[in-house]
1. Report, by residue number, each residue of region 68-107 that is over 19 Å from residue 16 (Cβ atoms), exposed (fewer than 12 other Cβ atoms within 10 Å of the Cβ) and among the charged types (D, E, K, R).
2. Among the residues of region 34-47, is any part of a loop (DSSP other than H, G, I, E, B) and either open to solvent by less than 40 Å² (accessible area, probe 1.4 Å) or closer than 21 Å to residue 109 by Cβ (or both)?
3. Out of region 70-88, which residues are in a helix (DSSP H, G or I) and either within 20 Å of residue 13 (Cβ to Cβ) or among the polar types (S, T, N, Q) (or both)?
4. Any residue in region 74-95 that is in contact with a His (Cβ under 9 Å, 6 or more places away or on another chain), in contact (Cβ under 8 Å) with a residue 40 or more places away in the chain and hydroxyl-bearing (Ser, Thr, Tyr)?
5. Answer yes if at least one residue in region 55-63 is modelled with pLDDT of 95 or more and loosely packed, with under 15 Cβ neighbours inside 10 Å, and no otherwise.
6. For region 15-33, what are the residues that are surrounded by 14 or more Cβ atoms within 10 Å (Cβ to Cβ) and in a helix (DSSP H, G or I)?
7. Run down 50, 54, 2 and say which single residue is under 16 Å from residue 102 (Cα atoms), charged (D, E, K, R) and either assigned to a strand (DSSP E or B) or touching a residue at least 24 places away in the same chain (Cβ under 8 Å) (or both).
Amino acid sequence: MERAVFVYTTYPSLVEAEGAGRALVERHLCACVNILPGMISHYWWEGVLERGEEVVMIIKTRASLADRVRGEVKKRHSYQTPAILVIPIESVEENYLAWIMAETEPAAQEGAG
């Protein structure tokens, strides 16, 4: 059976994250998104140490859809260089994995044709 992956990204606002997350779920590119507001980030950007308040999004999908998810995130993202990390899942409960696969099947079939 195909493997599941997490796609991790961050957004500058809850509104932007919810809009992007809902679009991914509606298109069956993922089974679920978890949106976690309230993250503080410190990072270098163009030679300046920055502090930002961000929202984390964890996208649960199948490995074969990871590139399409990455493309949709980039297309809808306001950051010039968004963090988009595809994280393989080593182990997952079989019923949960079956649910992820079932919910993403329409997008997987669309991409196969």
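The values are calculated or read from the model by the stated rules, or taken from the named source; none is laboratory data. It should be emphasised that the depicted structure is a prediction, and the values quoted were computed from it without experimental measurement. Glycine gets a Cβ as well: all are built from the backbone with ideal geometry, and neighbour counts include every protein chain shown. SASA here: full protein model, heavy atoms, side chains in, ligands and nucleic acids out. Shrake-Rupley method; radii C 1.70, N 1.55, O 1.52, S 1.80 Å.
1. 90, 93, 94
2. No, region 34-47 contains no residue that is part of a loop (DSSP other than H, G, I, E, B) and either open to solvent by less than 40 Å² (accessible area, probe 1.4 Å) or closer than 21 Å to residue 109 by Cβ (or both).
3. Scanning region 70-88 gives 72, 73, 74, 75, 76.
4. Taking region 74-95 first, the residues in contact with a His (Cβ under 9 Å, 6 or more places away or on another chain) are 84.
From what is left, the residues that are in contact (Cβ under 8 Å) with a residue 40 or more places away in the chain are 84.
From what is left, the residues that are hydroxyl-bearing (Ser, Thr, Tyr) are none.
Looking for residues that are in contact with a His (Cβ under 9 Å, 6 or more places away or on another chain), in contact (Cβ under 8 Å) with a residue 40 or more places away in the chain and hydroxyl-bearing (Ser, Thr, Tyr), one finds none in region 74-95, hence no.
5. There is at least one residue in region 55-63 that is modelled with pLDDT of 95 or more and loosely packed, with under 15 Cβ neighbours inside 10 Å.
6. 16, 17, 18, 20, 21, 23, 24, 25
7. Selected residue: 2, the only one of 50, 54, 2 that is under 16 Å from residue 102 (Cα atoms), charged (D, E, K, R) and either assigned to a strand (DSSP E or B) or touching a residue at least 24 places away in the same chain (Cβ under 8 Å) (or both).
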